[in-house]
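The structure appears right after this line, and notes come after that.
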Ligand code: FAD
């Protein structure tokens, strides 16, 4: 009776066409069979991502209840399956080029593992959190705040998973000071491409630890990460300053991110920047007072390109009385016009979760689930002035296309760990430039053509892609540069059958 019931529920999950597929017959023999889904909705969700540009149909979606379910699947693919198939962990599918997809293999829907954050304290680490690889950063934030602590390094958007951002780097305006999220991990549990569960840390399985961080999902599936925490502030002074001169803009940004290195007491918590064009969607203007809108529109019309430094200083009850003075000290002598400094005072969570507000507006307007031909770059400091001329002025400005958002802000190289897989330019300071395009379903190719022109400019300029997307091995070799050999060796060691994250197109060009 129980057996019949089990068979019946399997049949509801697996459609008749699928049941004829021999891979499915094999998968049905596994103790995780009832967690495999092939209904059109599950397959449909797993075959698209935030980019809405690439589409790959998996054979099935695994919704694990425990990390062991994933280990069973990977071990089966590695050792027992006579039918080779690949496997991709999927956080929320916030990639834009199919990086979490898999053709005819199995997508592991990590979010089905549910919420798991434990906050602890030790003499050597202070406060830290053990969090599931599937967890959203917003949930990590909510849980840690209950203990008066929070992660120190963030992404702009908090509805990304820990495993997904640690597979890239995880950057935002805090990176200049605390390093990317991958620099704030003490330890991880990982299921390798052989199906083994390993704990790794800088002194335990260090090769695995370093390769997984920024490793684009190639070496293992992160099921737990131990994250560094610091005291959580209560509020943020949030400031934007406008520039029409690019050199003044970058000089000031670089001054701001070097204060802590120069031993100055007053240091910002967050430094970012944006490019404003008349043709940007005018969502940027909402930060500023409504009364200033006409003046800002005439300024951007006059100069065509405006640059905006965005900073924040966090504070709590103890620092409330000094925060304004500290901020004044930090911002004095900057070169923006004094009439172009705008300030807000907001709650800490509201500040960190600021992109969610924009998301809700776009969702309401039906503009969230549209193609996103994004391009993210790391530009060495020595090339940033040329980038302004060669890309912002000579490519972006000349095209008659509306861009949603262009981010530009610097980071300090010494906050990154070169042993990790993430690739950054070889200079003390480098910039991230993010073209966060939204397009219609018919015209994303135009943005792609612009991206190609930008990438052409980037060739031979030491500029690297962040959230990289390449289709040929030689492009990947060039991307990784001196790190390529190690990357390949690590792949051979931890995922010798090349089962994991084929959607990155690094080792599985014909997935
Ligand atoms: P997915 O897209 O699902 O997966 C990404 C890759 O990681 C895939 O190859 C997948 O197989 C692999 N992967 C997923 N989970 C695991 C795991 N547990 N173990 C091993 N591999 C895994 N990035 C920033 O750095 N800073 C930002 O400020 C930022 N803002 C963003 C804002 C928006 C609106 C969006 C859509 C993206 C943003 N990103 C940002 C990019 C984001 O970091 C990437 O999309 C990242 O991949 C996280 O998304 P995800 O958790 O949905 O992962």
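Values quoted throughout were computed directly from the atomic coordinates according to the rules given, and no laboratory measurement underlies them. Given the structure is predicted, the values throughout are model-derived calculations rather than measurements. Neighbour counts run over all protein chains shown; Cβ positions are idealised from the backbone, glycine included.
For the pair residue 265 and residue 442, how long in nm is the line joining their label points, each one 7 Å along Cα→Cβ? Here the modelled spin labels are 6.2 nm apart. With respect to the chain, whose longest principal axis is taken over its alpha-carbon atoms, helix 484-494 is tilted by about 40°.
In angstrom, the C-alpha Rg and Dmax of the chain are 23.4, 79. Shown for 104, 269, 386: other C-beta atoms within 10 Å of each C-beta, ranked fewest to most, produce the order 386, 104, 269. Gain on full extension, evaluated as 0.36 nm per residue between residue 419 and residue 121 minus their Cα-Cα distance, stands at 104.6 nm.
Taking the longest Cα principal axis of the chain as reference, the axis of helix 444-458 is set at about 70 degrees.
Ordering 200, 458 from the fewest to the most neighbouring beta carbons within 10 Å gives 458, 200.
Note on the chain: antiparallel DSSP beta bridges, both residues inside, total approximately 90 percent of the bridges counted. A simple spin-label model places the labels of residue 207 and residue 449 4.8 nm from each other, with each point 7 Å out along Cα-to-Cβ. Compared with the dominant Cα axis of the chain, that is its longest principal axis, helix 246-258 is turned about 70°. Working note: 222 nm ellipticity from helices only, DSSP H runs with n ≥ 4, each -39,500 (n - 2.57), summed and divided by the residues of the chain, gives -8000 deg cm²/dmol to the nearest 500. By the beta-carbon count within 10 Å of each Cβ, the least crowded to most crowded order of 277, 411, fewest first, is 277, 411.
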